[in-house]
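K.L.:
I'd like to ask you about the structure that follows.
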Amino acid sequence: MAQNVQSGGVSTHEQSELDAAGAENFDAIIARDSRIEPRDWMPEAYRRSLVRQISQHAHSEIIGMQPEANWITRAPSLKRKSILMAKVQDEAGHGLYLYSAAETLGTSRDEMMDALVAGKARYSSIFNYPTPTWADMGAIGWMVDGAAICNQVPLCRASYGPYGRAMVRVCKEESFHQRQGFEILLELANGTPEQKEMAQDAVNRWYAPSLMMFGPPDDDSPNSKQSMAWNIKRFSNDELRSRFVGMMVEQVKVLGLTLPDTQIRFNEATKKWDHAPLDWEEFKEVLAGRGPCNAQRLERRRSAHEEGAWVREAATAYAEKQAAKNAQKVAA
Amino acid sequence: MNEQDKASSTTPAPEPGAHRWPLWEVFVRSNRGLSHVHAGSLHAPDASMALRNARDLYTRRNEGVSIWVVPADAIAASDPDAKGAFFESPQGKDYRHATYYTKSEGVKHL
């Protein structure tokens with residue numbers, strides 16, 4: 001339900017008084033860590049910031065279907081095919097939950113979709129990397145979904161109600177994604193030497209990109225501070241990244257594999273996990289559209305949208321025909 | 001898909017950026033004996049498609065035994081700003097709660 005606070009027929013003076021009262025109420029709600037709901041007054045910058053974050057998040061889920069859908073026909077068994085299809089279907093669902101949440105802020109789904117296919121909207125840089133081997137399905141589940149869970153669990157408490165509620169649903173489903181990925185890697189790591197090598201190669205390639213999923217370092221993250229003041233974000237990018245490294249470093253031992261980073265250690269002074277510096281130039285290049293698969297991902301999304309047009313048209317035509325029939329029945 | 005064919009059909013081409021399909025609010029009953037609870041929303045051309053889409057979107061893991069879909073436009077909502085005026089103050093009305101009555105303490109089955 002997308003409603004803005006109505007301002008029709010209100011004078012400028014009355015409007016500024018309404019805004020002042022609204023702002024006071026908004027600040028009080030944030031201060032007591034309660035939730036903002038769609039029809040509440042909210043600062044324009046808060047609304048804009050949420051639309052940007054939630055729509056980017058939705059786009060990431062939708063584009064994120066591609067690297068894995070790529071392997072559905074070649075998954076090694078019927079069981080693995082079924083699992084992968086369920087996972088890709090979940091990603092579509094997550095995208096839709098998030099578009100719904102963003103729509104409550106007054107931006108239509110079509111506007112968001114149009115921005116994505118026009119190449120004007122951003123999505124997570126991670127989905128612009130290729131998936132050349134089956135082990136990539138394992139590494140994506142374990143590392144990419146693992147990083148996503150670290151990011152998303154605190155978002156369940158985001159100050160904007162519809163976003164938090166969508167994230168609760170998403171998080172419930174993500175844990176299956178991570179476990180199935182871990183299982184793929186574990187089976188490969190305990191298979192033939194070639195299979196183990198393939199698993200290690202995938203871990204090596206996905207390690208740095210998944211660490212970069214948490215976003216730029218804290219001193220270079222322009223939106224983080226305001227986002228934390230508004231209780232949208234609960235922890236900084238570096239804080240979450242450090243937690244993630246701490247989890248990975250233990251879990252990789254169970255796999256019998258290694259992380260491609262010799263500088264991981266627990267820093268007693270900061271009580272955080274240190275890791276090797278990341279290549280932020282690469283991150284910026286991929287975000288700017290110059291990653292290995294950006295063009296391919298967008299083209300695929302665009303063609304899927306266009307090729308599906310007849311389905312949408314047919315459904316609309318059918319609904320109209322049924323409505324006309326029912327109207328005739330009522331009239332008769 | 002031929003753009004010309006589309007334009008010449010009876011329905012006018014949707015304006016760019018406009019909602020093509022109405023918004024539906026989805027309510028799911030998770031088990032017999034429980035109420036339907038708001039799960040989220042979706043777009044669909046009509047009620048039967050809204051129900052099918054809601055099933056696929058909100059009940060992939062046996063989350064429901066019954067679904068309601070309601071056109072979002074059909075919902076009347078109270079004004080969030082009119083909190084004080086609209087919701088009567090419960091202050092001074094403790095007598096509406098059982099805990100107000102203390103003299104019967106110790107009396108069994110009351």
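The values are calculated or read from the model by the stated rules, or taken from the named source; none is laboratory data. Fair warning: this is a prediction, and the values are worked out from it, not measured in the lab. Please note: Cβ atoms are built from the backbone with ideal geometry, for glycine as well, and neighbour counts cover all protein chains shown. Accessible surface areas use protein heavy atoms only, side chains included; no ligands, DNA or RNA. Shrake-Rupley method; radii C 1.70, N 1.55, O 1.52, S 1.80 Å.
K.L.:
Starting from the stretch A:67-96, keep only residues that are touching a residue at least 60 places away in the same chain (Cβ under 8 Å), then list their pairs with residues that are among the hydroxyl-bearing types (Ser, Thr, Tyr) whose Cβ atoms are within a distance under 6 Å, requiring at least 6 positions of separation or different chains.
P.N.:
Pairs that qualify, where the first residue is touching a residue at least 60 places away in the same chain (Cβ under 8 Å) and the partner is among the hydroxyl-bearing types (Ser, Thr, Tyr), are A:Pro67/A:Thr131; A:Asn70/A:Thr131.
K.L.:
Residues in the stretch A:224-231: is at least one open to solvent by 10 Å² or more (accessible area, probe 1.4 Å), outside any helix (DSSP H, G or I) and under 19 Å from A:Ser49 (Cα atoms)?
P.N.:
Yes, because at least one residue in the stretch A:224-231 is open to solvent by 10 Å² or more (accessible area, probe 1.4 Å), outside any helix (DSSP H, G or I) and under 19 Å from A:Ser49 (Cα atoms).
K.L.:
Please indicate, with yes or no, whether at least one residue in the stretch B:17-24 is modelled with pLDDT of 95 or more, open to solvent by less than 90 Å² (accessible area, probe 1.4 Å) and more than 8 Å from chain A (Cβ to nearest Cβ).
P.N.:
yes
K.L.:
Considering only the stretch A:103-186, give the helices (runs of 4 or more DSSP H) lying wholly within it that have at least 3 residues that are within 14 Å of chain B (Cβ to nearest Cβ).
P.N.:
Ranges flagged: A:109-117.
K.L.:
Further question on the same structure: Quick check on the stretch B:52-76: of everything there that is under 13 Å from the mean Cα position of the chain (by Cα) and more than 10 Å from chain A (Cβ to nearest Cβ), which residue is least open to solvent (accessible area, probe 1.4 Å)?
P.N.:
Top of the filtered list is B:Ala54.
K.L.:
Now a separate question. Give the stretch A:50-61 a look and list any residue that's open to solvent by 20 Å² or more (accessible area, probe 1.4 Å) and more than 8 Å from the chain's Cα centre (by Cα), or say none.
P.N.:
Result: A:Val51, A:Arg52, A:Gln53.
K.L.:
So the check is Cβ under 9 Å with 6+ separation or different chains; which pairs have a first residue in the stretch A:294-314 that's farther than 12 Å from A:Ile62 by Cα and within 13 Å of chain B (Cβ to nearest Cβ) and a second one that's part of a helix (DSSP H, G or I) and not hydrophobic (A, V, I, L, M, F, W, C)?
P.N.:
Within 9 Å, the pairs are A:Ala309/B:Lys6; A:Glu313/B:Lys6.
K.L.:
What number of residues in the stretch A:240-260 are in contact with a helix residue (DSSP H, G or I) (Cβ under 8 Å, 6 or more places away or on another chain) and open to solvent by 30 Å² or more (accessible area, probe 1.4 Å)?
P.N.:
Adding up the residues that qualify gives 7.
K.L.:
Please go through the stretch A:16-41 and give me each residue that is open to solvent by 30 Å² or more (accessible area, probe 1.4 Å) and either outside any helix (DSSP H, G or I) or polar (S, T, N, Q) (or both), ordered by number.
P.N.:
A:Ser16, A:Asn25, A:Arg32, A:Asp33, A:Ser34, A:Arg35, A:Glu37, A:Arg39, A:Trp41
K.L.:
Follow-up question, since we're still on this one. Given the criterion modelled with pLDDT under 95 and surrounded by 16 or more Cβ atoms within 10 Å (Cβ to Cβ), identify the matching residue among A:Asn4, A:Asn70.
P.N.:
Result of the check over A:Asn4, A:Asn70: A:Asn70.
K.L.:
Where residues in the stretch A:42-71 are part of a loop (DSSP other than H, G, I, E, B) and within 13 Å of A:Tyr160 (Cβ to Cβ), which of them is nearest to the other protein chains (Cβ to nearest Cβ)?
P.N.:
For the stretch A:42-71, the residue satisfying everything is A:Met42.
Per-residue answers, yes or no, for (1) touching a strand residue (DSSP E or B) at 6+ places or on another chain (Cβ under 8 Å); (2) at pLDDT 95 or above; (3) aliphatic (A, V, I, L, M):
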| site | (1), (2), (3) |
| --- | --- |
| A:Gln251 | no, yes, no |
| A:Gly256 | no, yes, no |
| A:Trp280 | no, yes, no |
| A:Leu287 | no, no, yes |
| A:Glu320 | no, no, no |
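K.L.:
Which members of the stretch A:8-41 meet the condition of being within 13 Å of another protein chain (Cβ to nearest Cβ) and of a type in the set (Lys, Arg)?
P.N.:
Hits for the stretch A:8-41 are A:Arg35, A:Arg39.
K.L.:
Working carefully through the options A:Leu155, A:Leu185, find the one that is surrounded by 19 or more Cβ atoms within 10 Å (Cβ to Cβ), at pLDDT 95 or above, more than 23 Å from B:Arg60 (Cβ to Cβ) and among the aliphatic types (A, V, I, L, M).
P.N.:
So the residue among A:Leu155, A:Leu185 that is surrounded by 19 or more Cβ atoms within 10 Å (Cβ to Cβ), at pLDDT 95 or above, more than 23 Å from B:Arg60 (Cβ to Cβ) and among the aliphatic types (A, V, I, L, M) is A:Leu185.
K.L.:
Within the stretch A:73-87, track down each residue that is within 12 Å of chain B (Cβ to nearest Cβ) and either open to solvent by 10 Å² or more (accessible area, probe 1.4 Å) or modelled with pLDDT under 95 (or both).
P.N.:
A:Met85, A:Ala86
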